[in-house]
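One structure is given below, encoded as structure tokens.
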Amino acid sequence: MTTNLETLLGDALDDEYKAEATYAAVIARFGAVRPFINIVEAERRHAGALLRQCKRLNFVPRANRWAGTVAAPATLREACAEAIAAEVDNIALYDRLLPGVTDPEVRTVLERLQEASRDRHLPAFRRCLARQTG
């Protein structure tokens, strides 16, 4: 599978921006709740890592179309459930993108971002949902 690296990085960056905006909206609505307060910062770092790859490769990064446009769900339970779905989608996105990556630095960054979603974010949001459902 061959994919334009600039498009690929743009797709990954767009998804990280969306996650950051979504988790920020949850915090704005419900306050400094875990794991959202930790993971929103992680999403910012993820976007930063992708932006550094864009800069290294002289690509113009996509603008953040999500900041301030996402509404939080009505309940924290819904927010946790939606976050689980978002992290599952993020993991699947990296599964689709990685086969098209030939640049070793970009591959390493994408693998690390996917690992964070799979091994840290997803379990944290599953615990969040478990706490909300009792």
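The values are calculated or read from the model by the stated rules, or taken from the named source; none is laboratory data. What you see is a predicted model, and the numbers here were worked out from it, not measured in a lab. All Cβ positions, even for glycine, are placed from backbone atoms using ideal geometry, and neighbour counts span all protein chains on display.
Take the conditions surrounded by 13 or more Cβ atoms within 10 Å (Cβ to Cβ), modelled with pLDDT under 95 and farther than 21 Å from Cys128 by Cβ and apply them to Val101. Does it pass?
Details: surrounded by 13 or more Cβ atoms within 10 Å (Cβ to Cβ): yes; modelled with pLDDT under 95: yes; farther than 21 Å from Cys128 by Cβ: yes.
Criteria met by Val101.
Which numbered condition in (1) under 19 Å from Glu115 (Cβ atoms); (2) part of a loop (DSSP other than H, G, I, E, B); (3) of a type in the set (Phe, Trp, Tyr) is the only one that Phe59 fails?
Going through (1) under 19 Å from Glu115 (Cβ atoms); (2) part of a loop (DSSP other than H, G, I, E, B); (3) of a type in the set (Phe, Trp, Tyr) one by one, Phe59 breaks only (1).
Applying the selection to the stretch 57-93, what residues are at pLDDT 95 or above, over 19 Å from Leu129 (Cβ atoms) and basic (Lys, Arg)?
The one that is at pLDDT 95 or above, over 19 Å from Leu129 (Cβ atoms) and basic (Lys, Arg): Arg65.
Find the residue count for the stretch 17-34, including only residues that are over 14 Å from the mean Cα position of the chain (by Cα) and over 14 Å from Gly68 (Cβ atoms).
5
Identify the single condition in (1) in contact (Cβ under 8 Å) with a residue 40 or more places away in the chain; (2) of a type outside the set (Ser, Thr, Tyr); (3) under 20 Å from Ala86 (Cα atoms) that Glu6 does not satisfy, given that it satisfies every other one.
(3)
Take Thr69 and decide whether it is surrounded by 12 or more Cβ atoms within 10 Å (Cβ to Cβ) and not charged (D, E, K, R). Working first, answer last.
Working: surrounded by 12 or more Cβ atoms within 10 Å (Cβ to Cβ): no; not charged (D, E, K, R): yes.
Taking the combined requirement at face value, the residue does not satisfy it.
Would you check which residues across the stretch 25-46 are more than 17 Å from Arg62 (Cβ to Cβ), in contact (Cβ under 8 Å) with a residue 40 or more places away in the chain and assigned to a helix (DSSP H, G or I) and list them? Step through it out loud before you land on a result.
Just the residues of the stretch 25-46 that are more than 17 Å from Arg62 (Cβ to Cβ), to begin with: 25-42, 45.
Okay, now just the ones that are also in contact (Cβ under 8 Å) with a residue 40 or more places away in the chain, so 25-26, 28-30, 33-36, 38-39, 42.
The answer is Ala25, Val26, Ala28, Arg29, Phe30, Phe36, Asn38, Ile39, Ala42.
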